[in-house]
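J.: I'd like to ask some things about the structure below.
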Amino acid sequence: MSGTKLLLIDDDKDYCASLACLLAMEGFEVKVAHTAEAGFAGATSQQHDLVLLDVMLSPGDGRKVLERIRAVSQVPVIMLTARGDEADRIYGLEGGADDYLPKPFHSRELIARIRSVLRRRSAPMPAKVLAIGDLEIHPGSRRVLQWKEREKQEVELTSAEFDLLVLLVRAAGEVVSRDDLAQGALGRSVAPFDRSIDNHISSLRRKLGSKWNEVERIRSVRGSGYAYSNPSRSEAE
């Protein structure tokens, strides 16, 4: 990960200086933005490999910055949130964040999350195209096309959402546990009250549509996990 370019968006200058120093010691190149406007400009400049975005910006709102970023860019984003503020974490994940980390956190945990997100984004995937229902999934290029009104339209997914969808579609008709989904899509286990996977699934349902041909697209199985309901699937080079 040496030479990886990070953008830290946070209005606390002392905190940024300390965190940037720690990240630099791990080989990351860190740029800092202290305002919403500077953060948005930096995040969409295509000069950074990953963005660390604090929810609480003054002036500004990290959640609104995330919305603006996702409107024009799929750069990986990890949200930094206040501990216990579940609403901010849900908003961040459903708004397109790849992961979140509540403050205060251990620097090793942050570094592990950064590396996990970057590995998922850069890991090669099989080139076979997955076709299921109204979807056409291209693992090699990480693109999802959906038939809408007799034409294919691209669906913009975050890295975590894309990986979750591939995991579910490859096991279409079978239940995949939340922990298996977390390991495969987030690169980590989830605690009993960690709603990361559920929030990403909610976002997938919103973007793809909750149903296809009157059948629930992604089915929740209480106490077990999730299943992509349509079992008809094909793979082609």
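J.: So which of LYS103/LYS211; LYS5/LYS148; LYS128/LYS211; LYS31/LYS207 end up more than 28 Å apart, counting from Cα to Cα? Show your work: numbers first, answer last.
T.: Details: LYS103/LYS211 37 Å; LYS5/LYS148 37 Å; LYS128/LYS211 25 Å; LYS31/LYS207 32 Å.
Over 28 Å Cα-Cα: LYS103/LYS211; LYS5/LYS148; LYS31/LYS207.
J.: Right, next: Place the peptides 71-80, 26-35 in order of packing, highest mean first, counting for every residue the other Cβ atoms within 10 Å and averaging per peptide.
T.: By packing density, highest mean first, the sequence is 71-80, 26-35.
J.: Please compute the modelled spin-label separation between ASN213 and LYS103, points set 7 Å along Cα→Cβ, answer in nm with one decimal.
T.: 4.9
J.: Something else about it: Rg and Dmax of the range 5-122, Cα atoms, in Å?
T.: When restricted to Cα atoms, the range 5-122 yields Rg and Dmax of 12.7, 34 Å.
J.: Which angle between 0 and 90 degrees, to the nearest 10, do you get for helix 196-208 versus the longest principal axis of the chain when only C-alpha atoms count?
T.: Helix 196-208 sits at roughly 60 degrees to that axis.
J.: Using a basic spin-label model with each label point 7 Å from the Cα along Cα→Cβ, how many nm lie between GLN74 and GLU37?
T.: It works out to 3.1 nm between the two label points.
J.: Continuing with the same structure: With each pseudo-label sitting 7 Å past Cα toward Cβ, what's the ASP180-GLU67 distance in nm, one decimal?
T.: Going from the ASP180 label point to the GLU67 one covers 3.7 nm.
J.: Quick check: Cα centre of the range 45-82 to Cα centre of the range 118-191, how many Å?
T.: For the range 45-82 versus the range 118-191, the Cα centre distance is 23 Å.
J.: If you fit an axis through the alpha-carbon atoms of helix 13-25 and take the longest principal axis of the Cα set of the chain, what angle between them do you get, 0 to 90°, nearest 10?
T.: So the inclination is approximately 70 degrees.
J.: Nearest 10 degrees is fine. How inclined is helix 107-122 to the longest principal axis of the chain, computing both from alpha carbons?
T.: 40
J.: Sorted from largest down, what three extents in whole angstroms do the Cα atoms of the range 129-236 have along their principal axes?
T.: That gives 42, 29, 24 Å along the principal axes, largest extent first.
J.: On to the next question. Out of the DSSP beta bridges found with both residues in the chain, what percent are antiparallel (nearest 5)?
T.: Within the chain, antiparallel bridges account for around 55 percent of the total.
J.: Return ARG222, ARG178, ARG108, ARG205 ranked ascending by Cβ neighbour count within 10 Å, so the fewest neighbours appear first.
T.: ARG222, ARG108, ARG205, ARG178
J.: If you take all C-alpha pairs in the chain, what percent of them are over 29 Å apart?
T.: Values: 8045 of 27966 pairs.
Here the long-distance tail beyond 29 Å is 29 percent of all Cα pairs in the chain.
J.: Let me ask another. Could you give the length gained on full extension between ASP134 and ARG119, defined as 0.36 nm per residue of separation minus the Cα-Cα distance, in nm?
T.: Value of the extension gain: 2.5 nm.
Read-outs throughout are calculated quantities, based only on the coordinates presented, and are distinct from any laboratory measurement. The structure presented is a predicted model; accordingly, all values stated were derived computationally and were not measured. Because the Cβ atoms are built from the backbone with ideal geometry, glycine has one as well, and the counts that use them run over all protein chains shown.
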